[in-house]
Amino acid sequence: MNGSSHMAHLKPARLVDLAEGVEAEQSAPHLAECDTCRRALAELRAAMADLARPGSDDVQEPSPLFWDHLSARVRDAVAEDGKPGHASWRDRWLRPRLIAPVLVSALALVLVAVAVRSPKAPTAKSIPSTVLPIAATTPLPSLPPLEPLGASDDPALGLMEDYGTTLGWDDMRKEMAVVSHAGGTDDAVTTLSAEERQELQRLLEEEMTQPSALGAS
Amino acid sequence: MAELDDAELIEACRAGRPGAFDAIVERHRRSVYLLCYRFVGNHEDASDLSQDVFLRAYRGLGGFRGGSSLATWLYRIGVNACLNRVSVKKPLTEDLDARQHIDTFHESPSERVLREERGARVRAAITQLPPKQRATLVLRMYQELSHEEIADVLGSSVGAVKANFFHALGNLRKLLGDERL
């Protein structure tokens with residue numbers, strides 16, 4: 001007999017309790033009158049018994065060596081990570097206050113290199129009077145002339161050249177929203193002495209005349 | 001270190017005692033690995049996930065208040081790691097040949113083949129369950145956690161866990177068709 005049309009079926013949570021024996025069947029008189037719930041309970045018990053049988057989900061037991069290997073991997077990862085409960089090295093290195101000086105330094109070197117190649121003299125109105133404009137320094141006579149490079153062929157280099165020759169360092173920092181701090185690399189570049197600047201220029205030219213710097217194979 | 005209980009090991013870790021976290025890993029690595037394996041169905045991902053679970057645990061030790069057991073806490077991290085993994089990666093179950101089994105001494109070759117095939121089908125079906133049902137089924141049937149512990153791991157109510165368990169078993173039967181589980 002099925003009296004299920006007259007009363008609510010047992011809820012899944014209650015069927016689980018009945019299947020696991022947490023609740024006795026006698027406490028659920030609905031079962032005696034409802035084929036649907038009796039069938040659901042029987043299927044649930046069968047499924048649980050089947051899953052508990054050996055072979056239903058045998059898991060590969062790794063070799064004993066694997067456990068030592070796993071421990072070693074964890075140990076290495078933890079050693080790289082630092083103290084417990086602390087931020088990882090990635091978190092520490094990705095902080096903006098560390099990224100900004102690196103980007104500024106790289107940018108400064110690129111700008112110096114572009115300025116060295118530029119035939120035009122930069123406008124120096126916004127550059128502090130104590131600092132010589134880099135592009136205005138006289139090339140060393142011992143250096144071979146550079147091959148024509150870049151600005152006319154490469155729009156990106158052209159843009160950088162424009163920046164390098166039309167803006168002073170302070171204007172450029174403002175334009176590019178770059179924040180520097182006293183003692184940073186960008187400050188150091190702009191306050192080089194004439195001799196230091198010449199040496200930097202010589203090193204850069206030497207580097208840029210290497211075939212690898214020009215993209216030659 | 002091996003004689004310390006979990007709470008003492010955690011304190012030793014926080015105090016920076018060498019070997020304390022190694023002891024935690026050694027004590028819980030098997031259960032964490034098996035949880036991951038049953039979740040993702042292959043050794044490679046389970047191995048990577050296990051490492052990830054312990055690394056996350058190490059980073060989070062400072063915030064572990066001991067409201068639940070260390071094992072439950074590790075399961076929680078493990079389930080979250082597995083759920084993240086399965087949300088971005090299609091489950092990959094291993095071929096029969098890639099698996100070895102524990103005890104094959106007392107069965108014939110044909111029985112062994114049948115058992116392995118059946119196990120592979122069940123494992124593949126489990127990886128097709130919705131994530132919460134999968135987590136509930138694995139934690140209940142294979143890790144043998146109580147419904148209350150599973151609720152703690154999953155951040156659900158006990159009633160929701162039981163309902164998930166019920167539906168997981170029903171869906172597993174549908175996925176396996178006429179074959180008995």
*What FRET efficiency do you get for residue B:4 and residue B:48 if R0 is 30 Å and r is their Cβ-Cβ distance, rounded to the nearest 0.05?*
0.60
*Under the Karplus relation 6.51 cos²θ - 1.76 cosθ + 1.60, θ = phi - 60°, what is the ordered set of whole-Hz ³J(HN,Hα) values for segment A:45-53, x standing for Gly and Pro?*
5, 5, 5, 5, 5, 5, 5, 7, 5
_Rounded Å value of the spacing that divides the Cα centres of segment B:1-65 and segment A:15-30_ = 38
*For the residues A:37, B:36, what sequence is obtained by ranking on other C-beta atoms within 10 Å, fewest first?*
A:37, B:36
*Which whole-number percent gives the relative contact order of segment B:1-92, counting Cα pairs below 8 Å spaced six or more residues apart?*
30
*asked:* I need B:174, A:11, B:162 ordered by Cβ neighbour count within 10 Å, fewest first.
replied: B:174, A:11, B:162
_Degrees, to the nearest 10: B:43-60 long Cα axis against longest axis of chain B_ = 20
*asked:* Rounding to the nearest 10 and keeping the result within 0 to 90°, find how far the Cα-based axis of helix B:158-176 lies from the longest principal axis of chain B.
replied: 30
_Using a 7 Å offset from the Cα along the Cα-to-Cβ direction at both residue A:199 and residue A:105, what is the distance between the two label points in nm, to one decimal?_
1.8
*Which of A:9, B:43 comes first, and how do the rest follow, when ranked by fewest Cβ neighbours within 10 Å?*
A:9, B:43
*Taking only Cα atoms, what is the 0 to 90° angle, nearest 10, from helix B:70-88's long axis to the longest principal axis of chain B?*
50
*Quantify how strongly other chains surround peptide B:43-54 by giving the mean number of their Cβ atoms within 10 Å of each of its Cβ atoms.*
3
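We did not get these values from a lab; they are worked out from the coordinates using the rules stated. Here the structure is a predicted model, which is why all the values come from computation and not from measurement. For neighbour counting, all protein chains shown are included, and Cβ atoms are generated from backbone atoms with ideal geometry for every residue, glycine included.
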